[in-house]
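Let me begin by presenting the structure, written as structure tokens, before commenting on it.
The values are calculated or read from the model by the stated rules, or taken from the named source; none is laboratory data. What you see is a predicted model; the values in this text were computed from it and never measured. We place every Cβ from the backbone using ideal geometry, glycine too, and count neighbours over all the protein chains shown.
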Amino acid sequence: MQRTVIINPPKMCQPMGAILAYMGVHGCVPVVHGSQGCSTYPRYNIARHFRESAEVAVSSLAEDAAVYGGAKNLAEAIKNVKARLDPEAIGICTTCMSETIGDDVRQIVKKATLPDDTTKVIPASTPSYVGTHLTGYDNAMKALVETLAVKGEPNNKINIITGIINPGDIREIKHMLRLLGIESIFLSDISDTLDTPMMRGGHKPMLPQGGTRISDIADSANSSGTVAICKTAGSAAVYLQNKFNVPAILGPAPVGVANCDRFVENVTKLMDKPITREIENERGRLIDSIVDVHHYMFGRRVAIFGDPGIVSGIVRFCAEVGMAPTVAMTATKHRDFAPDIKAVNSEYGTDMQILEGTDLYEFHEVVKSQGAELIIGNSKGKDIADDENIPLVRVGFPVYDRVGVYRYPILGYRGSIYLLDLMTNAILGHKYDPNKLHQ
Ligand code: SF4
């Protein structure tokens, strides 16, 4: 029977993702054009996951805006943010309400800014009744390059579109590129803005340090290529390819041996660089760590949920280490998700169920019927893990019932080792039984 209700959906609305994209830009303040709750909800999630406060402004629409439109509120919001914070950029994202009443945000922005304004204002359309936080991220990132990228001289750099990953992951990707001798522009970069150092005397600046400079986003049109870590965040890469002939590669997320190898091959080919001994060593250590735990992990049933790019990567990695994934679930539909999971099924002989565009109720039903000894996903899987007495390895966004998860990578060779250690220790800590596990 067709269900007409969603129960416990592991997805968020578009402004959530757009805010994360804007927060990776240096000196950028996101402005949510909607009612107050539309900014409170993302700020709450950001604070719980990253343990950082988030400067997010809102145009604060109320009943009168539903009748007369929200132009006055948005113009006022832009004026106030400029006066109070003097930001380098303002990233606007729309909401259910501003999209439904039909505000022409571009026109409002035009009227609210002067030609000699130093603050760049970037409007993105992020209607929340379609798509998810990943759509919002993608739309905002595309709006950033559409508004700011400018053709100039070749810069011999690679663009990396991160998608929604953690500061620890971004630092790990930067580390890999350093080992390969490749210069990069990150679109965008929350590794400092959402993991901000506390300065001496307990001082934190109003707008966090770090983030991608506006000048670097402008320069992204002159790079040798773009790699989108998550396939759901590829629109800006496609735009740069079509408009400025910057070759684009979308995914896969570098989790596990094969996907990290693909990432290294992609960036070295685009940049015409050799694969270095240091990277080979990191790869070798990942293989070694798989060998070390293979006897603990072989045949272990694992259920995985989250954002499609990251889930596809983790699924392949679990198969590589000999585990038996039973279900792969995502709330965000993407054309490559099912083919990616089916490819793992056929290569590794696994028999995973694929759930797409659905909720954690359905995921829970499959966990009960197919069984699992480990769940991998964000904090929204906690109740299922508790109900079924299965350990939960927390990855993705949001993770709000553990601290520090955002600091550590699961991407790259070293991040994959860390993820494997987490998975193995979760199995050992929870199910240790000398009759079942060989030591
Ligand atoms: S779903 Fe719509 S109304 Fe709810 S927080 Fe998101 S934008 Fe606002």
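Quick notes on this structure:
- Residues in the range 14-57 that are surrounded by fewer than 24 Cβ atoms within 10 Å (Cβ to Cβ), within 10 Å of the ligand (Cβ to nearest atom) and not in a helix (DSSP H, G or I): Ser35, Gln36.
- Scope the range 269-324; condition in a loop (DSSP other than H, G, I, E, B) and either among the small types (Gly, Ala, Ser) or buried (at least 19 other Cβ atoms within 10 Å of the Cβ) (or both); matching residues: Gly299, Arg300, Gly306, Asp307, Val321, Gly322, Met323
- Restricting the range 368-392 to residues that are of a type in the set (A, V, I, L, M, F, W, C) and in contact with a Ser or Thr (Cβ under 9 Å, 6 or more places away or on another chain), the residue that is modelled with the lowest pLDDT: Ala372
- Condition met for Asn222 (over 16 Å from Asp169 (Cα atoms) and surrounded by fewer than 19 Cβ atoms within 10 Å (Cβ to Cβ)): no
- Only one of the numbered conditions (1) on the phi < 0 side of the Ramachandran plot; (2) touching a residue at least 24 places away in the same chain (Cβ under 8 Å) is not met by Gly306, and that is (1).
- Condition check for Glu88: within 15 Å of the ligand (Cβ to nearest atom) and of a type in the set (Asp, Glu): no
- Residue that is surrounded by the most Cβ atoms within 10 Å (Cβ to Cβ) [pool: residues in the range 100-136 that are over 22 Å from Ala233 (Cα atoms) and within 15 Å of the ligand (Cβ to nearest atom)]: Asp103
- Qualifying positions in the range 15-43 - at pLDDT below 95 and in contact with a Phe, Trp or Tyr (Cβ under 9 Å, 6 or more places away or on another chain): none
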